[in-house]
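Notes for the one structure printed next.
Values in this text are rule-based calculations from the coordinates and carry no lab data. All values reported here derive from a predicted model rather than from experimental measurement. Please note: Cβ atoms are built from the backbone with ideal geometry, for glycine as well, and neighbour counts cover all protein chains shown.
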């Protein structure tokens, strides 16, 4: 309850976006392989940004 109005950090936002991309890629993989590959590539870019934030 104490964190109810706390703003998300940039890292938390990126982690949520990464999770969402992976979920969408998994769902798309059953119907549209190209879309799934594009979403996985986008998730990889987000993962690199997450790593950069953790290091710096």
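Computed packing ranks the peptides 30-36, 14-20, 47-53 as 14-20, 47-53, 30-36, most packed first, by mean other Cβ atoms within 10 Å.
For the pair residue 22 and residue 48, the difference between a 0.36 nm per residue extended length and the Cα-Cα distance amounts to 7.9 nm. Modelled label positions at residue 30 and residue 2, each set 7 Å beyond Cα in the direction of Cβ, lie 4.2 nm from each other.
At a threshold of 8 angstrom on Cα-Cα distance, excluding pairs fewer than six apart, so keeping six or more, what relative contact order does the chain reach in percent? Working shown, then result.
Details: 30 pairs, mean separation 20.1, N = 56.
Relative CO of the chain lands at 36 percent.
When the helices of the chain are scored as -39500 (n - 2.57) per DSSP H run of n ≥ 4 and the total is divided over every residue, the value at 222 nm lands at -26000 deg cm²/dmol. Restricting the calculation to alpha carbons of the chain gives Rg and Dmax of 13.9, 43 angstrom.
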